[in-house]
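The values are calculated or read from the model by the stated rules, or taken from the named source; none is laboratory data. Please read these numbers as outputs of a predicted model, since none were measured by experiment. Note that each Cβ is placed from the backbone with ideal geometry, even for glycine, and that neighbours are counted across all protein chains shown. Heads up: the accessible areas ignore ligands, DNA and RNA and are worked out on the full protein's heavy atoms, side chains in. Shrake-Rupley method; radii C 1.70, N 1.55, O 1.52, S 1.80 Å.
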Amino acid sequence: MSQATDAATLEKILAGAAEAARPAAEATPAERAGWLTAVADALDAAAGELVPLAHAETHLPESPRLAGELKRTTFQLRLFAEVLSDGEYLGATVDHADPDWPMGPRPDIRRVKTAIGPVLVFAASNFPFAFSVAGGDTASALAAGCPVVLKAHPGHPELSAQTGSIVREALIKAGAPAALFNVIFGQEEGVTALKDPRIAAASFTGSIPGGRALFDIAVSRPRPIPFYGELGSVNPVVVTEAAIAARGEAVAKGYAGSFTLGAGQFCTKPGLLFLPEDHGLTDTLRAALDGAAAQPMLNDRIASGFSAQLSKLREVPGVEVVSSSDSSSPAFTPTLLATTAKQFLEGGATVHEECFGPASLIVTYADQAELLRLLEVIEPGLTATIHGEESDVDWLRPVLPSLARIAGRLLWNDWPTGVTVSWAQQHGGPYPATTAPTTTSVGTAAIERFLRPIAWQGFPDALLPEPLQEANPWQLPRRTDGSR
């Protein structure tokens with residue numbers, strides 16, 4: 001197991017990140033795209049080494065899970081290289097001087113985004129590749145031109161060390177600054193780095209208590225910094241009577257597969273299922289879960305936390321067990337619980353909280369009005385899903401504002417587990433889903449977290465950054481005098 005980073009090494013890494021900030025920010029998009037592609041190539045080449053190591057430390061299956069996750073990781077590195085080539089992420093805008101501007105004579109003013117500075121990334125436990133050392137936060141920060149200090153997750157320390165070594169070596173070989181990327185270990189060392197004035201922003205994926213504690217530190221610094229935390233989500237699913245009549249069995253099986261996927265250790269796991277009263281799916285749901293194999297949790301700490309939270313949930317008055325196992329080992333079979341709308345509204349915080357693991361809660365509703373009351377009280381999250389039919393359009397239209405209020409991604413006749421990496425993806429939501437609901441941690445827009453805009457007013461062309469020069473030497477998409 002990797003030891004905590006000693007104080008001298010931590011200081012060297014932080015100092016190096018600060019020194020690398022300027023050359024990283026000044027590198028051209030093409031240069032940074034080359035860095036990302038080099039990292040992707042190196043990770044793909046090391047798959048035979050990294051995947052077994054990930055399996056040994058996380059209990060996740062090598063194939064298809066970990067092999068597929070590594071491919072996702074290298075895909076998103078290459079996708080951010082495309083973002084850099086596209087150039088729109090810089091938001092380059094030019095307003096030429098205009099003596100007849102309605103607000104009075106307008107000076108020449110030009111706006112472009114630049115790297116925010118060194119970024120501290122806290123790796124996640126449940127995705128040892130895609131949300132860890134070389135995951136989306138690292139990829140988007142490097143794409144923005146920011147040095148990255150990666151705080152490794154204690155759940156997979158050896159994998160973190162090896163992945164970090166591969167990433168660092170690939171970046172240096174590709175011509176990046178030597179201190180552009182480094183990995184640190186240790187909880188206190190992560191806090192020390194977060195407090196360091198050379199760190200300009202931080203990101204985190206993990207639990208609500210852990211993320212909130214780090215968020216409070218980040219915003220309480222003498223000079224507060226942005227903290228992009230993804231913390232927790234219950235991801236409600238609403239099913240209509242028409243959907244049950246048309247394809248109830250398929251909905252039940254899809255739901256069972258979604259909330260048990262990866263032993264329920266996904267931030268997008270559907271934790272609440274809203275069904276009409278007299279839905280008639282209980283036996284189908286139970287049958288879908290019968291015989292399900294026990295799945296190991298990522299580590300003993302997560303297994304213990306799941307067991308404790310599930311015990312609290314089962315003890316809430318009015319909560320009944322639909323399907324369960326009494327397994328008390330680090331491996332669990334799925335647990336499905338049920339309650340009524342009235343009991344859910346009276347059940348206190350426990351029924352509203354995320355239960356991270358293979359468990360989910362059914363809540364029955366009598367009509368649209370009762371469903372709306374339920375949606376008004378549940379915690380915001382990453383996703384909200386509807387399973388309905390075209391005939392439900394008028395019935396669902398008043399429900400949509402409530403779902404949009406509490407989620408960053410809405411799904412129609414699909415399941416929230418499985419978050420593709422794309423240009424339009426949104427993986428974020430109101431607190432406690434994230435600490436910054438205007439951003440995403442997945443998809444190309446994730447780069448925006450690590451950029452800040454600067455306006456240049458009245459400068460001669462020779463002193464302007466290339467994206468703003470009159471000749472547009474990088475041939476960027478720009479808005480000029482209000483026109484694209």
Inset, instruction - Examine the stretch 194-203 for a residue that is charged (D, E, K, R), in contact (Cβ under 8 Å) with a residue 60 or more places away in the chain and open to solvent by 30 Å² or more (accessible area, probe 1.4 Å), and state whether such a residue exists. - result: yes
Inset, instruction - Check whether at least one residue in the stretch 320-338 is within 13 Å of Leu275 (Cα to Cα), of a type in the set (Ser, Thr, Tyr) and outside any helix (DSSP H, G or I), and report yes or no. - result: no
Inset, instruction - Those residues that are over 23 Å from Lys173 (Cα atoms) and outside any helix (DSSP H, G or I), I need them from the stretch 29-65; list them, please. - result: His59, Leu60, Pro61
Inset, instruction - Could you name every one of the strands (runs of 3 or more DSSP E) located completely within the stretch 96-189 that has at least 3 residues being open to solvent by 10 Å² or more (accessible area, probe 1.4 Å)? - result: 109-115
Inset, instruction - Mind listing just one residue for me: the one in the stretch 272-301 that is modelled with pLDDT of 95 or more and within 21 Å of Gly232 (Cα to Cα) and, of those, surrounded by the fewest Cβ atoms within 10 Å (Cβ to Cβ)? - result: Leu272
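Name the residue, out of Arg301, Arg247, that is closer than 25 Å to Leu374 by Cα and in a helix (DSSP H, G or I).
It is Arg247.
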Legend entry - Qualifying residue in the stretch 472-480 (condition: in a loop (DSSP other than H, G, I, E, B), on the phi < 0 side of the Ramachandran plot and open to solvent by less than 50 Å² (accessible area, probe 1.4 Å)): yes
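Filter the stretch 211-253 for residues that are under 30 Å from Leu289 (Cβ atoms) and open to solvent by 20 Å² or more (accessible area, probe 1.4 Å) and give the result.
Matches in the stretch 211-253: Glu241, Ala242, Ile244, Ala245, Ala246, Arg247, Glu249, Ala250, Lys253.
If you go through the stretch 407-423 one residue at a time, do you hit one that is assigned to a helix (DSSP H, G or I), at pLDDT 95 or above and open to solvent by less than 30 Å² (accessible area, probe 1.4 Å)?
There is no residue in the stretch 407-423 that is assigned to a helix (DSSP H, G or I), at pLDDT 95 or above and open to solvent by less than 30 Å² (accessible area, probe 1.4 Å).
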Inset, instruction - Would you be able to say whether some residue in the stretch 54-75 is modelled with pLDDT of 95 or more, open to solvent by less than 60 Å² (accessible area, probe 1.4 Å) and touching a Ser or Thr at 6+ places or on another chain (Cβ under 7 Å)? - result: no
